[in-house]
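Engineer: Below you'll find the structure I mean.
The values are calculated or read from the model by the stated rules, or taken from the named source; none is laboratory data. Remember, it's a predicted structure, so these values are computed and weren't measured experimentally. As a convention, Cβ positions derive from the backbone with ideal geometry for all residues, glycine included, and neighbour counts pool all protein chains shown.
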């Protein structure tokens with residue numbers, strides 16, 4: 001019997017539930033507040049490879065979308081990341097991240113001149129290549145893999161940063177906003193599956209892309225943890 005989209009989504013859900021990212025030692029330590037300030041600053045430098053380069057990830061998905069209806073949905077995602085006018089009171093998400101770094105006593109240049117670890121560069125190469133691939137491949141990597149495992153966790157992380165380092169609401173807004181926005185983004189990805197994964201081969205491709213993206217993401221976390229532990 002052919003694999004259905006529901007079965008694909010169930011398998012993807014299992015991939016996430018079997019390997020919850022917040023139980024990775026890096027994220028568990030961040031949430032528990034076990035890292036010192038300099039280690040958090042190093043984490044901030046390394047994790048910046050995601051929010052400071054989002055135009056290179058979101059942009060190609062919008063450009064390559066073959067359907068006007070869905071392209072409009074993707075445009076909302078790009079619009080929010082670039083302007084923050086849907087969830088972030090008009091503050092672009094890259095600026096939210098800079099505000100977080102500045103709350104930790106860092107400067108914008110610390111982020112822009114960051115020497116990314118090999119795991120981060122490997123993740124970026126994989127992820128950016130997927131986002132420049134077919135529309136289905138891009139949506140699978142971006143919305144069914146990367147943005148499906150943040151909601152519900154980042155708000156707790158924001159509270160830890162406030163409690164341990166005295167950050168204010170502005171400084172932790174990046175994490176609070178993504179607790180909502182990523183859930184919306186991943187929801188759009190699930191809707192898109194019904195329109196574009198119309199063959200057995202396409203459904204198998206979705207699963208393969210999600211699984212590999214998660215694998216690369218956890219390798220990224222492993223290497224960030226190595227660098228943070230050494231800071």
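Engineer: If I filter segment 39-49 for residues that are assigned to a helix (DSSP H, G or I) and free of Cβ contacts under 8 Å to residues at least 60 places away in the same chain, do I get at least one hit?
Structural biologist: no
Engineer: Here's a follow-up. Taking interchain pairs and intrachain pairs at least six residues apart, which have beta carbon atoms under 9 angstrom, with the first residue in segment 121-142 and within 11 Å of residue 65 (Cα to Cα) and the second not in a helix (DSSP H, G or I)?
Structural biologist: 135/65; 135/66; 135/67; 136/197; 138/65; 138/132; 139/65
Engineer: Now for a separate question. Being at pLDDT 85 or above, more than 15 Å from residue 61 (Cβ to Cβ) and outside any loop (DSSP other than H, G, I, E, B) is the filter here, so list the residues in segment 182-209 that pass it.
Structural biologist: 200, 201, 202, 203, 204, 205, 207, 208
Engineer: Looking for something within 18 Å of residue 61 (Cβ to Cβ), modelled with pLDDT of 90 or more and either crowded, with 16+ Cβ neighbours inside 10 Å or touching a helix residue (DSSP H, G or I) at 6+ places or on another chain (Cβ under 7 Å) (or both) - is there at least one such residue anywhere in segment 105-124?
Structural biologist: Yes - at least one qualifying residue is present in segment 105-124.
Engineer: Taking residue 155, is it assigned to a helix (DSSP H, G or I) and modelled with pLDDT under 95?
Structural biologist: yes
Engineer: For segment 192-223, which residues satisfy the criterion of being more than 15 Å from the chain's Cα centre (by Cα) and either farther than 24 Å from residue 6 by Cβ or free of Cβ contacts under 8 Å to residues at least 40 places away in the same chain (or both)?
Structural biologist: Residues satisfying the conditions are 198, 199, 201, 208, 222, 223.
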